[in-house]
Structure formats: structure tokens, C-alpha cells
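Written out below as C-alpha cells is the structure these notes cover.
Each value in this text was obtained by applying a stated rule to the coordinates, not by laboratory testing. No experiment lies behind these values; they were computed from the predicted model shown. All Cβ positions, even for glycine, are placed from backbone atoms using ideal geometry, and neighbour counts span all protein chains on display.
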Amino acid sequence: MIVGIFCFGGISLILAFGFFTGSFSFLRQDNQRFVLVFHENVYGLHEGSKVTLNGVRIGRVERFFIGDAKQEGPVPVQIEINRRLVLRHMVASDNEIFETDGSFKKAIVSQLLGQLNQESFVTGILYINLTVQDFDANESEIDILHGFPAIHTKGSIFAELSESINLEKLSKQINDLIVVATQRLAELNIEKLSNDFLVTSETLRSALGNLSTAFSPLGPSLTKTSDKSQETLLVIHELAENLKGVFQPNSEFRFELDDTLRDISNMARSLKNLADLLEQNPQAFIIGKPKSEE
């Protein structure tokens with residue numbers, strides 16, 4: 001009798017657990033199922049992960065569909081809406097979202113929008129949150145994917161952050177800047193510019209010498225001014241020579257400029273990789289670097 005009572009109690013507990021969790025398939029046949037397609041890494045989303053509507057749990061993740069593409073393929077996710085959970089929380093009258101049996105109204109399905117959210121930044125566990133949005137007429141049609149109605153999706157917070165930063169675009173722009181700067185520096189004829197300065201300097205010195213000879217009665221002030229002007233032109237000539245040396249293709253300045261721009265480009269690419277890593281594995285900071293024996 002004791003063994004029988006113990007077995008009966010255990011079976012009752014198993015049946016009660018299965019009934020309340022909806023583990024028996026025949027109890028879940030009337031539940032609604034939808035497919036959401038996420039164009040990002042879904043690491044942290046598992047079978048059984050919760051599905052919420054504005055933060056209130058109404059279902060779970062049932063399965064995934066993988067293999068549509070070899071690389072960077074979208075990840076369709078099948079979800080199940082538990083009508084028992086909906087009936088427990090929904091208002092009985094004048095409900096704008098659900099029918100009386102706990103299913104979504106047909107007009108509301110086309111307005112649903114799914115997004116990946118994190119339960120905790122420490123664990124990195126993901127869940128799907130549904131909201132109701134107003135879409136354009138061309139986006140309000142319901143598509144059928146893998147035999148189930150498809151729900152609109154948008155990128156997660158990390159995906160939106162990564163897209164807004166767009167370090168990959170910044171890296172490309174820096175690379176383009178390096179190419180354009182190199183071309184412009186190569187096109188800059190420093191030797192011709194230096195020669196022009198030199199010719200201008202000689203011409204002005206000759207003109208000032210003639211002017212000093214012709215107007216010598218004006219006094220020594222004009223001679224002094226001429227000497228100062230000649231000194232200034234000599235300084236300009238030296239400046240042109242220095243610029244010529246600085247912008248030579250094999251000069252240290254050109255090498256350092258190219259090297260600096262290249263380092264900035266590599267840094268931007270590294271930041272982009274870091275942003276992608278945090279998007280895919282937000283718990284990386286907590287877990288840290290594994291030990292050698294691991």
C-alpha cells in the first residue's frame with residue numbers, strides 16, 4: 001500500500017507538471033505558432049526560451065530552421081503562443097489583441113513585431129519580445145514561411161548599436177583617405193613649386209636692386225627696406241626647399257603619415273570586431289579568458 005501510494009503520488013506529480021507546463025503535445029495542438037526571421041546571431045536563444053508580449057510571458061521558442069544559406073544566413077525561429085498563459089492574463093471583454101479563445105486576432109498578426117532581448121547582460125540569455133506596431137499597407141500582408149505565418153522582426157539593441165557606430169564604414173573611409181592623400185601628394189609637384197618660388201625671389205631681388213639704384217636720392221631707408229625684402233625672399237626660398245624635402249615620396253613625414261592613417265584604419269577594424277563579439281557573446285566580459293587546462 002505504501003509503495004502504491006508513493007507511485008500514485010509520483011505519477012500525479014508528473015502529470016500535473018506536464019499539464020501545467022504544456023509538455024504534452026495533445027494539449028498544445030490548438031496553440032498558435034509563428035515564424036520570425038532574425039538576420040543576426042541568436043546565440044543565447046534556446047528551445048524553450050520565453051516569448052513575451054510587452055514583457056508578459058505568453059509562449060516559448062519551439063524550434064529553429066537552419067541551412068537556408070551557407071554564410072551569414074538568416075535564422076528562422078518557430079515560436080508557440082500558449083493560449084493558457086494568454087487566457088490567464090488577458091481581459092475578458094473589449095480585448096483589442098486576442099480573441100475570446102486566447103488566440104491573436106487576424107488583423108493583429110500583421111502588426112506584430114518581434115525583437116531579441118537579453119534577460120541579463122551577465123548570462124547572455126536571450127528571449128523574444130513581441131510588440132504591436134503600425135505598418136504601411138505593403139507591409140501588412142502576412143507571409144507564410146515553413147508552413148506558419150511570419151511575424152515582422154527588427155534588430156536587437158546590440159545590432160542597432162553596431163549598425164549606428166558602423167566602424168566598418170569608418171575604416172573604409174579612412175582607407176579611401178589614405179589612397180586619396182597618397183595620390184594628391186604624388187600629384188603635388190614640389191620641385192616646380194620650389195622653382196617658381198626661386199624665380200619669383202630672383203625677379204623681386206632684381207627689381208628691388210634696380211629700384212634702389214634708380215631712387216638712391218631717397219635715402220638709406222629705401223636701401224634698408226630692399227635688404228630686408230631680399231632676406232625675406234631668401235627665407236621663403238629656404239621654406240620652399242624644406243617643403244620639397246618634407247613631401248618627397250621617401251621622406252619621413254610621408255612615411256609617418258601613411259603609417260598613422262594605416263594604424264587608425266586597423267584600430268577601427270578592431271573596434272568593429274569587438275562590437276561584433278559583444279553582440280554575439282555579451283557574457284564574454286564576465287566569463288573572461290579560459291584557463292590553459294580548459
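Quick notes on this structure:
- Under 11 Å, Cβ to Cβ, from E47 - net charge with Lys/Arg +1 and Asp/Glu -1: 0
- Amide H contacts under 5 Å for S49: V61, restricted to partners 5 or more places along the chain or on a different chain, H placed in the peptide plane at 1.01 Å from N.
- V37 long-range amide H proximity, modeled H, under 5 Å: V77, I151
- Taking every Cα-Cα distance in the stretch 27-155 and sorting them into 10 Å bins starting at zero, the pair-distance distribution P(r) comes out as 12, 45, 34, 9, 1 percent.
- For the cross-link pairs K106/K154; K50/K105; K50/K70, the ones whose C-alpha atoms lie over 23 Å apart are K50/K70.
- If R0 is 30 Å, the Cβ-Cβ spacing of S120 and L87 corresponds to a FRET efficiency of close to 0.55.
- Around the amide H of L130, modelled in the peptide plane, lie the amide H atoms of T52, L53, N54, G55, all under 5 Å away and 5 or more residues distant in sequence or on another chain.
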